[in-house]
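The values are calculated or read from the model by the stated rules, or taken from the named source; none is laboratory data. Everything numeric in this text was worked out from a predicted model, so none of it was measured. Note that each Cβ is placed from the backbone with ideal geometry, even for glycine, and that neighbours are counted across all protein chains shown. Each accessible area value is taken on the protein alone, full model and side chains, heavy atoms only, with ligands, DNA and RNA left out. Shrake-Rupley method; radii C 1.70, N 1.55, O 1.52, S 1.80 Å.
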Amino acid sequence: MKGFPAAARDALRDTQLRRNLGVATSTIRDRRARAVAEVPDWEELRDAGAALKRRVLRNLDGYLLEFEAAVERAGGHVHWARDAAEAGRVVTEIVRGTGAREVVKVKSLTTDEIELNDALGRAGIDVVETDLAELIVQLAGEEPSHILVPAIHKNRVEIRDLFRSNFRLPELSDDPQELAAAARAHLRAKFLSARVAISGANFAIAETGTVSVVESEGNGRFCTTLPETLITVVGIEKLIPAPEDLEVFLQLLPRSSTGERMNPYTTLWTGITPGDGPQDFHVVLLDNGRTNVLADQVGRETLSCIRCSACLNVCPVYTRTGGHAYGSVYPGPIGAILTPQLRGVAEAPTLPYASSLCGACYEVCPVKIDIPRILVHLRARVVEEGAGATSERAAMRALAWTFGGERRYRRAQQLGRAGSRPFTRGGLIHRMPGLGAWTETRDLPPVPKQTFREWWDERRA
C-alpha cells in the first residue's frame, strides 16, 4: 500500500477531482439533512438500529446457523468462505458448473473487497458491472472512490468520453439523459442473455433466510430475477434477526445514503420459487477477517456499518482527497477503521490517522458507530504492534528517559530554549528540523524564556 499521506498529497493536486467531490458531497449532504429533519423520532431510530446491530454481534454464531438452515429449507445452498481466495474459488466453481462464460453483477462492496472480478477473470469468465457508476469505473479501469457513488470523482464530460470510446458512439453528447440511454442499451442486452448473476446483500434475515438488496436504478433487480443462477456473497455481519427489523433499517439507510425517504428499489428473495426467478440459488457467507474484528471489544462496533456513506460526505478529509487515497474499497472514516482491522493494522498503519477526529462522522452515523473512539483505539494498536514510525517510537523513548530525572529534565529545558531560538519567528516556531510533519500544519510555541521551576527558584531566593 502506498500509504494515505502520500496518496492524499497526490489527490490534493488534482483540482478537477476536488471540484467534483465538493459539488457531489455537498449536494448529498444537504439532501440527507432535509430528509432526516422530516423524521421526529430520528434519534430513537438510530438507537434502535444500533441496538439491533449489537444484538446480532453478541449472538452472531447462532444467527449464522439459523440463517443457513432457513436458506436450505427454502431450496438454496450455503457455502462458507474463510477468506477472499476461498470465496473466489467457490464462486468460480459454481459459475463453471453452469457452463457460462459471462456473468452480470449487482453493485457490491463485499465482492469488490475480495477482488471477485479478478478471480473470475483469471478463470476466463467475464464480469459485467450493471450499476451505472460501477460500470463507469469498470470501463475506466479504476477502483470505486465512494461507497454510494463509485464514480463520484468523474464529471459528465469525462463519462461521455469514456462511453464514446467503449460503446463506439462518436456523436454522444454529455447530456445525462443521453448518457443514461447509452448505458441502458448496453446493459439491456447483457441482462437478456445472462445465465448467471452475482450480488451482494444489504441485509440477510436469519429467521427466514431472506436476502435483501436496496438500490436506486433497478439494474440489480434484473440480475436477481432474470438469470437461471444467482450467487449472493454476504459478509457475515450483514445479518439481522427477523423480517420486522427491516422496518428500522429501511428508514435509516435511504435517508442517510441518498437523502431519500425510501429506496426506489428494495428487492427481497428467499430461496427458490418454482417457475419464478432463479432456479439455482447460492449464498456465500464470507469471513475475510470479520471474526478478528469481532474479537476486538472496541473495534467490533465497526461491523455494525450498513454502508450508507453518510460519514464520507461530512468528513473534511474525504471531501478533499476522495476515495482512492485510502487504498481500499472502503474509503472515508468507515474505511479508516474497517480496512486496518480486516487486513491487520500492519498492512494499513496510516489509515487510522486519516482523520481530524472532528466527530462529524459519529453525528451522522445511522447506527451510532463511535468512529473517533475506534480511530484512537487503532492508533494505539499501530504503536503497540510496532507498525508506526520507528523515529516516533525512538523519540518517545528518549522523552521518557529525559522526563524520568529532574536534572535531565532541567537540562533539556535549557537546551530546548537555546535550540528553538533560531527557528522562532513572531513568537512561534513555523518549521523545526525533526518535527517537519508536525510543524508543516501546526504552529509550535517556543520553549518559554523562563520555566516555572526557574520562576519559583527566583521567588524563593
Restricting the first residue to the range 106-120 and requiring it to be at positive phi and not assigned by TED's automatic domain parsing to the domain that holds T225, which pairs with a second residue that is at pLDDT 95 or above and surrounded by fewer than 22 Cβ atoms within 10 Å (Cβ to Cβ) meet a Cβ separation below 8 Å and a spacing of at least six or different chains? none
Here are some residues: A87, A69, A100. Which one is open to solvent by less than 10 Å² (accessible area, probe 1.4 Å), modelled with pLDDT of 95 or more, farther than 18 Å from S328 by Cα and not in a loop (DSSP other than H, G, I, E, B)? A87
Selection from the range 170-217 of residues part of a helix (DSSP H, G or I), in contact (Cβ under 8 Å) with a residue 24 or more places away in the chain and basic (K, R) yields K190
Considering only residues that are under 30 Å from I306 (Cα atoms), surrounded by 14 or more Cβ atoms within 10 Å (Cβ to Cβ) and among the small types (G, A, S), which ones fall in the range 153-185? A183
Residues of the range 72-84 being under 18 Å from G200 (Cβ atoms) and part of a helix (DSSP H, G or I), which ones? A84
Counting only residues that are part of a loop (DSSP other than H, G, I, E, B) and open to solvent by 20 Å² or more (accessible area, probe 1.4 Å), which one in the range 124-152 is farthest from P333 (Cα to Cα)? G124
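Being closer than 22 Å to K238 by Cβ and open to solvent by less than 20 Å² (accessible area, probe 1.4 Å) is the filter here; which residues of the range 186-203 pass it?
Initially, the range 186-203 is screened for residues closer than 22 Å to K238 by Cβ, giving 196-203.
Scanning the range 186-203 gives V196, A197, I198, S199, G200, A201, F203.
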Residue count, the range 416-452, condition outside any loop (DSSP other than H, G, I, E, B), modelled with pLDDT under 85 and farther than 30 Å from R9 by Cα, comes to 5
Is it the case that some residue within the range 52-63 is basic (K, R), under 25 Å from V364 (Cβ atoms) and outside the structural domain of E247 (by TED's automatic domain parsing)? no
Being without any contact (Cβ under 8 Å) to a residue 40 or more places away in the chain, open to solvent by 10 Å² or more (accessible area, probe 1.4 Å), assigned by TED's automatic domain parsing to the domain that holds E72 and in contact with a strand residue (DSSP E or B) (Cβ under 8 Å, 6 or more places away or on another chain) is the requirement here; does L246 meet it? no
Within 36 Å of the chain's Cα centre (by Cα) and either in the same structural domain as V137 (by TED's automatic domain parsing) or surrounded by 12 or more Cβ atoms within 10 Å (Cβ to Cβ) (or both) - does that describe any residue in the range 404-414? no
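Tell me, yes or no, whether the range 254-269 has at least one residue that is small (G, A, S) and over 23 Å from G335 (Cα atoms).
no
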The correct count of residues that are open to solvent by less than 40 Å² (accessible area, probe 1.4 Å), under 30 Å from G259 (Cα atoms) and aliphatic (A, V, I, L, M) in the range 31-66 is 9
Residue count for the range 72-84, restricted to those that are among the basic types (K, R) and either under 26 Å from the mean Cα position of the chain (by Cα) or surrounded by 16 or more Cβ atoms within 10 Å (Cβ to Cβ) (or both): 1
